[in-house]
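**Q** My questions all concern the structure below.
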Amino acid sequence: MKRDILTQLRATSGTISGEWLSSRLGLSRVSVWKHIQALKRTGYQIDASAKGYRLVKSPDTPFAWEFGDREDNIHYYDRVSSTMDIARELARQGSPEMSVVIAGTQTQGRGRLKRVWQSDEGGLYFTVVLRPAVVPQTSGRVVLYAATVLSKMIITQFDINAGVKWPNDILVNDKKLAGLLAEMEADFDRVIYLNIGIGINVNNNPTLNEPSATSIKNLLGEPVSRIGLLNTFLDLFEQSQMMAASPSAIEEWKKWAVTLGREVRVVTPRSVTEGGAEDVDENGGLIIRKKDGSRKTVVYGDCFHRDVV
Ligand code: BTN
């Protein structure tokens, strides 16, 4: 109902009478008033006068009702441990594909390779539940594809020179703008769920704690709408999901990758591989040409571009 009230209020810059709203939405005047009060408590600035209601300003908080028809599958929390934890529970309980858990802040935001993901207010932190019809070995493509969609969207919307560092960090001028983390449960031959967690530095200032990170606001010099960003990402990702698990997802990733052709060092707890990043294989493994001329494919690890100081 909040969504319907906001739609009506946003359709005009003027004032809408309570009577009109109640007849239009089939609610009592008291019920309209209660919804308006609830919206005000969550940060919407709404002028209430004898003439009716006027929306002055909306917060950029990704409440479920800001996502149109997706509303029922969006779960927004001001503060959680990690959206990955909540999404895992939802997925295990059978929640549908494209369910999304969003958090204003995370107290235990997780990054790849057991790192902490700083989750200050102003960033966009969410996890999407997917149920791709693929064998577990190819699920990596879906994650790479999500990084591709994100990178492309950032370039198109903001004219920011974003690219993907293997496997799925979004970088701008070698500074980290966003990261993706995947979690999956699978049988031998089928994925039960694949949750993709995405953290985007939007209006926060990660540079304070992490000099090698940046945010959209830092790059543009002004804040941008997290609601708009997430709506666009979900639409683009869902529209092209057919491609996500196919081999062409890898071809698409390559177009936006900033790792191929560079000298890299890939570190795992067990090994360090150095050499030229030549290619990625059909499942997203990075093919490295070592100094001795041999090739090695690494499937996970921390990738450093060696020409970055
Ligand atoms: C990385 O670059 O290491 C991956 C970072 C992923 C961060 C996101 S924020 C939303 C979701 N919840 C988490 O705890 N982590 C992911």
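**Q** Here are the criteria: (1) surrounded by 14 or more Cβ atoms within 10 Å (Cβ to Cβ); (2) touching a Phe, Trp or Tyr at 6+ places or on another chain (Cβ under 7 Å). Tell me which single one LEU260 does not satisfy.
**A** Unmet for LEU260, out of (1) surrounded by 14 or more Cβ atoms within 10 Å (Cβ to Cβ); (2) touching a Phe, Trp or Tyr at 6+ places or on another chain (Cβ under 7 Å): (2).
**Q** While we're looking at this one, here's another question. Within the range 1-50, can you find the residues that are in a loop (DSSP other than H, G, I, E, B) and in contact with a helix residue (DSSP H, G or I) (Cβ under 9 Å, 6 or more places away or on another chain)? So that I can check it myself, show each step before the final result.
**A** Filtering the range 1-50 for residues in a loop (DSSP other than H, G, I, E, B) gives 1, 11-15, 17, 26-28, 42-44, 50.
Correct list: MET1, LEU27, SER28, THR42, TYR44.
**Q** Looking only at the range 106-155, filter to residues that are within 15 Å of the ligand (Cβ to nearest atom), assigned to a helix (DSSP H, G or I) and of a type in the set (D, E, K, R); which one of those is farthest from the chain's Cα centre (by Cα)?
**A** LYS114
**Q** Is there a residue being closer than 30 Å to VAL134 by Cα, within 14 Å of the ligand (Cβ to nearest atom) and in contact with a Phe, Trp or Tyr (Cβ under 6 Å, 6 or more places away or on another chain) anywhere in the range 63-77?
**A** Yes: the range 63-77 contains one or more residues that are closer than 30 Å to VAL134 by Cα, within 14 Å of the ligand (Cβ to nearest atom) and in contact with a Phe, Trp or Tyr (Cβ under 6 Å, 6 or more places away or on another chain).
**Q** Report, by residue number, each residue of the range 256-309 that is basic (Lys, Arg) and within 18 Å of ILE170 (Cβ to Cβ). If you could, list the steps in order and put the result at the bottom.
**A** Taking the range 256-309 first, the residues basic (Lys, Arg) are 262, 265, 270, 289-291, 295-296, 306.
Of everything in the range 256-309, just one residue is basic (Lys, Arg) and within 18 Å of ILE170 (Cβ to Cβ), namely ARG262.
**Q** Let me ask something else about it. Kindly check whether there is at least one residue in the range 258-273 that is in a helix (DSSP H, G or I), more than 16 Å from HIS305 (Cβ to Cβ) and charged (D, E, K, R).
**A** Within the range 258-273, the first condition is being in a helix (DSSP H, G or I), and the residues that meet it are none.
No; the residues of the range 258-273 include none that is in a helix (DSSP H, G or I), more than 16 Å from HIS305 (Cβ to Cβ) and charged (D, E, K, R).
**Q** Then there's this: Just for the range 156-175: of the residues that are under 26 Å from ASP85 (Cβ atoms) and at pLDDT below 95, which one is nearest to the ligand (Cβ to nearest atom)?
**A** ASN168
**Q** Let me ask something else. Six or more apart or on different chains, Cβ under 6 Å: which pairs go from a residue in the range 101-124 that's closer than 27 Å to ASP72 by Cβ to one that's of a type in the set (Phe, Trp, Tyr) and within 7 Å of the ligand (Cβ to nearest atom)? Could you list them?
**A** ILE102/PHE126; ALA103/TYR125; GLN106/TYR125; GLY109/TRP117; ARG110/TRP117; SER119/TYR125
**Q** Then there is this: What number of residues within the range 265-284 satisfy the criterion of being at pLDDT below 95, touching a Phe, Trp or Tyr at 6+ places or on another chain (Cβ under 9 Å) and under 23 Å from SER246 (Cβ atoms)?
**A** Qualifying residue count, the range 265-284: 1.
**Q** Which of the residues belonging to the range 274-309 are in a loop (DSSP other than H, G, I, E, B) and more than 18 Å from THR138 (Cα to Cα)?
**A** LYS290, LYS291, ASP292, GLY293, SER294, ARG306, ASP307, VAL308, VAL309
**Q** In the range 51-93, which residue that is free of Cβ contacts under 8 Å to residues at least 24 places away in the same chain and part of a strand (DSSP E or B) is nearest to ILE227 (Cα to Cα)?
**A** Step by step, filter the range 51-93, then rank; the result is LYS57.
**Q** With respect to ASN218, is the statement that it is over 30 Å from PRO136 (Cβ atoms) and either of a type in the set (Lys, Arg) or part of a helix (DSSP H, G or I) (or both) true?
**A** Yes, satisfied.
Quick grid of which residues meet (1) of a type outside the set (Phe, Trp, Tyr); (2) over 16 Å from the mean Cα position of the chain (by Cα); (3) within 16 Å of the ligand (Cβ to nearest atom); (4) in a helix (DSSP H, G or I):
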{"residue": "LEU177", "(1), (2), (3), (4)": "yes, no, yes, no"}
{"residue": "GLU210", "(1), (2), (3), (4)": "yes, yes, yes, no"}
{"residue": "ASN231", "(1), (2), (3), (4)": "yes, no, no, yes"}
{"residue": "GLU251", "(1), (2), (3), (4)": "yes, yes, no, yes"}
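**Q** Does any residue in the range 194-207 that is under 10 Å from VAL143 (Cα atoms) come within less than 8 Å, Cβ to Cβ, of a residue that is modelled with pLDDT under 95 and among the hydroxyl-bearing types (Ser, Thr, Tyr) six or more places away or on a different chain, and which pairs are these?
**A** Once the first residue is under 10 Å from VAL143 (Cα atoms) and sits in the range 194-207, its partners that are modelled with pLDDT under 95 and among the hydroxyl-bearing types (Ser, Thr, Tyr) give LEU194/SER139.
The values are calculated or read from the model by the stated rules, or taken from the named source; none is laboratory data. The model shown is predicted, which means the values in this text are computed figures rather than measured ones. Here Cβ is always computed from backbone atoms with ideal geometry, including for glycine, and neighbour counts include all displayed protein chains.
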